[in-house]
Amino acid sequence: MYLDIHTHLTHADFAGDVEPVIERARAAGLGAIVVNGLEPVSNRQVLELAARHDIVRPALGIYPIDAVCDLLPADFALQVARFDVDEELAFIEAEAAAGRLTAIGECGLDGYWVGEETFAAQERVFERLVDIAMRHRLPAIIHTRKREVRAAEILRHLGARQVDFHCYGGKVKNALKWAAEDGWWFSVPANARRSEAFTKMLRELPAEKVLTETDAPYLAPAPGERSEPAAVVGTVAWLAELRGWDVDEAREQVWRNFAALLRPEG
Ligand SMILES: [Zn+2]
């Protein structure tokens with residue numbers, strides 16, 4: 001079966017037609033769509049969507065920018081609602097403890113939209129989320145932008161093993177090293193064919209560390225279009241082409257990798 005490990009079906013772009021989007025994913029052969037939350041509103045929408053559809057697996061998290069909502073200037077470029085971050089961490093922990101989650105995500109560090117004055121607060125929330133993931137034996141789905149190396153330091157320090165870097169944008173050399181040495185997974189989005197870095201990752205990562213995602217509605221195969229979970233089919237075709245595998249072999253490899261991320265041995 002095909003996998004989309006990171007998508008945002010709670011995004012406003014899917015408000016009118018999330019049901020047909022999920023149906024198309026099912027028809028395309030997907031076995032799991034891991035919908036990731038960002039803050040209180042989307043986290044609850046993720047749970048509602050998962051309750052209605054078996055194929056939808058819930059991941060709850062706090063996006064690194066939302067994690068510092070009370071530190072953002074009034075004229076900040078993005079729309080970020082204020083909320084009580086510690087209350088939301090407690091909510092996520094309770095859902096994890098109740099066995100309702102497939103993963104914690106998204107979570108991570110961002111140095112693109114926000115500056116150094118937010119880093120300590122971001123790292124506190126990131127560490128709390130990774131700790132929740134580890135104590136409940138759940139994967140952590142990681143967002144990093146310009147803070148990849150620091151995120152890796154923190155994950156290594158905490159001893160996190162069930163880790164998926166989503167849409168990794170740092171040095172590919174580091175991704176290959178971390179996959180081999182730390183055993184972490186990397187999920188590649190559906191725009192891989194037009195991205196040199198994602199193509200290199202599909203070609204060179206250890207085969208058992210490659211996962212597929214969409215980050216839909218973002219990063220579609222064609223620029224400017226709305227992506228959706230069914231688009232992972234194209235990424236698997238590209239993986240197969242790059243490695244000289246059958247499509248079936250590539251699809252099953254990614255699915256096995258997902259199973260291993262959920263339940264690593266040892
Ligand atoms: Zn995302």
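The values are calculated or read from the model by the stated rules, or taken from the named source; none is laboratory data. None of these values were measured; they are calculated from a predicted model. Cβ: placed from backbone, ideal geometry, glycine included. Neighbour counts: every protein chain shown. Each accessible area value is taken on the protein alone, full model and side chains, heavy atoms only, with ligands, DNA and RNA left out. Shrake-Rupley method; radii C 1.70, N 1.55, O 1.52, S 1.80 Å.
Annotations
- Among residues of the stretch 90-101 being surrounded by fewer than 24 Cβ atoms within 10 Å (Cβ to Cβ) and part of a loop (DSSP other than H, G, I, E, B), the one that is nearest to the ligand (Cβ to nearest atom) is Arg100.
- Enumeration of residues in the stretch 13-58 that are away from the ligand (no atom under 14 Å from the Cβ), open to solvent by 70 Å² or more (accessible area, probe 1.4 Å) and either farther than 19 Å from Arg100 by Cβ or in a strand (DSSP E or B) (or both): Ala15, Gly16, Glu19, Glu23, Arg24, Arg26, Ala27
- Taking the stretch 218-236 as the range and being part of a loop (DSSP other than H, G, I, E, B) and open to solvent by 10 Å² or more (accessible area, probe 1.4 Å) as the test, the residues that pass are Tyr218, Leu219, Pro221, Ala222, Pro223, Gly224, Glu225, Arg226, Glu228.
- Flag for Leu138 being open to solvent by less than 10 Å² (accessible area, probe 1.4 Å), of a type in the set (A, V, I, L, M) and either more than 16 Å from the ligand (Cβ to nearest atom) or within 23 Å of Val35 (Cα to Cα) (or both): no
- Verdict on Gly99 being more than 15 Å from Leu38 (Cβ to Cβ) and at pLDDT below 95: no
- When Glu106, Glu123, Glu208 are checked against the criterion of being open to solvent by 60 Å² or more (accessible area, probe 1.4 Å) and not in a loop (DSSP other than H, G, I, E, B), a single residue qualifies: Glu208.
- Number of residues in the stretch 1-12 that are more than 17 Å from the chain's Cα centre (by Cα) and either surrounded by 16 or more Cβ atoms within 10 Å (Cβ to Cβ) or within 16 Å of the ligand (Cβ to nearest atom) (or both): the value is 1.
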